[in-house]
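Quick notes on the structure that follows.
Here, each number is a calculation from the coordinates, and none is a lab measurement. All values reported here derive from a predicted model rather than from experimental measurement. FYI the Cβ positions are ideal-geometry reconstructions off the backbone, even for glycines, and counts take in every protein chain you see.
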Amino acid sequence: MFRRLTLAAAITFAVGTLHAETAPPDWIARSNADAQPLLDLTARFSPESATDIGLKGYDEKTADLGPDVDKRQRAALVEVRQQVAGRLAEEKDPNVRQDLQILAKQIDGNIEGIDLNDKYLLPWFDAGQMIFSGEFSLLNAQSTPEQNQAALGRLKCYVGMAAGCTPLVDQARARTTERLGEKGLLGPVKADVEQKLGNTQRYVDGIRKLFAEKKVAGSDEAMNKLDAQLKQYNAWVKKTVLPRARTDFRLPEPLYAYNLRQVGLDIAPRDLIGRAQLEFMETTYALQMLAPVVAKAEGLPDGDYRDVLKALKKKQLAKDKVEPVYHEVLGKIEDTIRTQRIVELPKRQMAMRVASEAENARTPAPHMDPPPFVGNTGQRGTFVLTTGNPPADGDATQTYDDFTFEAAAWTLTAHEGRPGHELQFAAMVEQGVSLTRSMFAFNSVNVEGWALYSEAEMMPYEPPAGQFIALQFRLLRAARAFLDPMLNLGLVSRDRAHDILVHDVGLSEPMARQELDRYTLNSPGQATAYFYGYTRILQLRAETQTKLGDKFDRKAFNDFLIAQGLLPPDLLADAVRTRFVPAVLDKK
């Protein structure tokens, strides 16, 4: 997974110019102009997101959580939607029209999300995580000295020390308080609130460490205020929000259905469950067939695939060896991509690093931090190697061993790095695509689908242990696609889902907890997107190979997919059918 850019309720809007190695077609300039009105939404409601994507001038500003924020944001979205509708009525270019349709769909989804949240959910805010993310945007490995200094200005705004700024915790408290009397609203899930409150001190310590590493002077007073304010806020949450919290994690069905649509699913949940269960069984057979090969190659006892997996995971890498091993694997993967003509590699080298404790708390799984898409001057996406999911109670006895053994490096590098997410983002920066296709078309199905497809493309060229873990992760994605909807529809218990993840998929206890929290607390519906997006690309590949026969060229096909940006599956399939296939068939 990679950290998603967000704008208040759901989506980030931005405009600007992607840094491309060659001049983009004229239609891209027109498409980007159509996105121009959305700039105000980013700047007005989420300056932190503006920073993330590379917009200038907002680095010392903070999120708008003021009175009537949802109503004001909704009104602004409606206004932009009307402008998009007007452009659609007059635009003739098919590429620009396609982008306008994407914009319209995303805006409609944002409006629907605001309405559903307003109808069903009591608002509350993880203030510590919000502030850490806002500061990390300006204090990360690729931030400039100017941004490092701006981080102090943003921090002062967060705590109310800057002119015109109200402390973020005060705004967050007010937005919750004004709706506490509405008894029909669902409170947050108790376990989720407790986990987030348990992470707060890690965020504070993480920000202090970032200021120290960047040698930004003068942060002590603001940091002390932040520490005190967050402690007071957390005490208020425990006293006021927790009594309204619920133990049943399930969302109202309209909200869960909305989540599935927003991540890109266009299939009924029960149909998805059936497909995923079939894939799960077929993958367990494949794992069992490969288990004796892996055992022989690695000098392990032969047996059930679960036992072979446990033995592989015992070969843990020392913390200082994790990044070097991943770099070595990356080099081998890139050599294979070139020799096997799988896809065009980016010109720039891939960046990776080990996460801090605060990052582990915010995003426990390895992930890709995207590069700025606006005004990019050479910044790269970064593959972040995390080392754990810290429990709220500080219990350090559980071992998180799912990513820190050598065999796992192959499929994780293919997924998060190359030819997966990092290649997607680097190609968009280098080649130049419209902003709509790089950001506004984003959903988990089209992004994660490519990453799983990348795993499959690399799997035949990996050592047996690497292939084995690739299958294990494919098993996990199938499990996600039936456990997430089954949990949210009340068709399976959390205990039974835990047993499947630990016993059959082979996850550690901390990662199983992370997975279950993901399905039930943090992002219900999102985890289904991996499996579904992968199947859509495989179906499109099969259809294209069937039609082209010996004229099919894998590298040309994959390069075409990448060149489209982050198109949803239906639009991607349409592009392949109407442009790629005819172009190949027309060749003499």
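A few notes on this one:
- Computed from backbone phi, the HN-Hα couplings of region 564-569 come to 7, x, 9, 6, x, x Hz, rounded to whole numbers (Karplus: 6.51 cos²θ - 1.76 cosθ + 1.60, θ = phi - 60°; Gly and Pro given as x).
- Reach of Lys92 by Cα under 29 Å, taken over lysines that are not fewer than 8 positions away in the same chain: Lys105, Lys587
- Among the trypsin sites (Lys or Arg not before Pro) in region 296-326, those located in a DSSP loop and surrounded by at most 10 other Cβ atoms within 10 Å of their own Cβ are Lys314.
- Gyration tensor (alpha-carbon) shape descriptor, region 11-164, a/c threshold 1.5: oblate
- Over region 45-96, the alpha carbon radius of gyration divided by the compact-protein estimate 2.2 N^0.38 Å works out to 1.53.
- Note on region 247-325: along the principal axes its Cα atoms extend 51, 34, 27 Å, ordered by decreasing extent.
- Rounded to 5, the percent of DSSP beta bridges in the chain classed as antiparallel: 35
- Rg over Rh for region 159-236 works out to 1.05, using Cα positions for both radii and the Kirkwood form for Rh.
- Here the relative contact order of region 26-261, from alpha carbon pairs under 8 Å that lie six or more residues apart, stands at 21 percent.
- Against the compact-protein benchmark of 2.2 N^0.38 Å, the Cα-based radius of gyration of region 502-588 scales to 1.51.
- Range in the chain, longest, excluding exposed GluC sites (Glu not before Pro) [loop by DSSP; at most 11 other beta-carbon atoms within 10 Å]: 183-588
- With contacts taken as Cα pairs under 8 Å at a separation of at least 6 residues, the chain carries a relative contact order of 19 percent.
- Adding -39500 (n - 2.57) for every DSSP H run of four residues or longer, then dividing by how many residues the chain holds, sets the calculated 222 nm ellipticity at -18500 deg cm²/dmol.
- As a length-normalised measure over Cα pairs under 8 Å and 6 or more apart, the relative contact order of region 128-255 settles at 34 percent.
- Volume per residue of the convex hull around the Cα atoms, evaluated for the chain, comes out as 152 Å³.
- Three-way shape label, region 26-261, alpha-carbon gyration tensor, a/c 1.5: oblate
- Prolate/oblate/rounded call for region 266-535, Cα gyration tensor, a/c under 1.5 rounded: rounded
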